[in-house]
1. Find the centroid of the Cα atoms in segment 132-160 and in segment 36-61, then give the distance between the two in whole Å.
2. If you build the convex hull over the alpha carbons only and average its shadow over all orientations, what do you get for segment 26-75? Give it in nm² to one decimal.
3. Taking the Cα-to-Cβ direction at residue 45 and at residue 138 and moving 7 Å from each Cα, how far apart do the two end points lie in nm?
4. Arrange the peptides 58-65, 170-177 so that the one whose residues have, on average, the most other Cβ atoms within 10 Å appears first.
5. Give me the one-decimal nm value for the distance between modelled label points at residue 92 and residue 66, 7 Å along each residue's Cα-to-Cβ direction.
6. Radius of gyration and Dmax for segment 2-97's Cα atoms, expressed in Å?
7. Rounded to the nearest 5, what % of the DSSP beta bridges within segment 2-97 are antiparallel ones?
8. Find the relative contact order for segment 1-40 and round it to a whole percent, using C-alpha pairs within less than 8 Å whose residues are 6+ positions apart.
């Protein structure tokens with residue numbers, strides 16, 4: 001497993017890095033998952049320390065958590081507990097579905113653009129109908145079943161997830177609705 005442990009505006013010592021690697025090793029071994037990468041970022045938010053962790057699994061699932069505490073080790077432990085809870089739920093759902101994925105999730109490449117918002121400025125007549133692009137990046141679109149896509153969206157606490165439907169190969173979208181339910185867009 002590849003670890004990326006860093007700090008924003010704070011120094012991360014060797015002891016903390018060793019602790020993070022040991023705890024993640026135990027966490028992954030407990031649920032018998034095959035992780036590919038763990039990203040842990042420590043930062044300061046006013047008087048508290050923040051730990052943000054993302055764990056990428058070979059099945060394509062991503063578990064992410066964020067926690068705050070007065071001390072850096074306490075912030076990490078709280079974040080690790082949240083990841084533990086997510087992995088436990090993920091494993092339980094996999095058992096409930098009685099389906100094991102024989103191959104890793106396939107990904108397709110896609111472009112990802114961030115557009116400028118003009119909420120403050122409302123001109124009478126727009127100069128151009130083309131939006132201003134702030135950033136252009138590449139992203140990966142996973143191939144999932146609809147159930148796996150909903151599970152991934154909930155694990156990542158994301159409001160929306162675009163995925164390639166394994167059943168027919170078309171692009172689909174799942175999203176959290178304002179009423180708390182999950183919406184699924186499956187164009188014909």
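1. One Cα centre to the other: 17 Å.
2. It is 3.6 nm².
3. 3.2
4. Ranking the peptides 58-65, 170-177 by packing returns 58-65, 170-177.
5. So the label points at residue 92 and residue 66 sit 2.5 nm apart.
6. Values for segment 2-97 (Cα only, Rg and Dmax): 13.4, 44 Å.
7. Bridges in segment 2-97 that DSSP calls antiparallel: roughly 70 percent.
8. This gives 74 percent for segment 1-40.
A short reminder: the numbers here are calculations on the coordinates, not readings from a lab. The structure presented is a predicted model; accordingly, all values stated were derived computationally and were not measured. Note: ideal-geometry Cβ built from the backbone for every residue, glycine included; neighbour counts use all protein chains shown.
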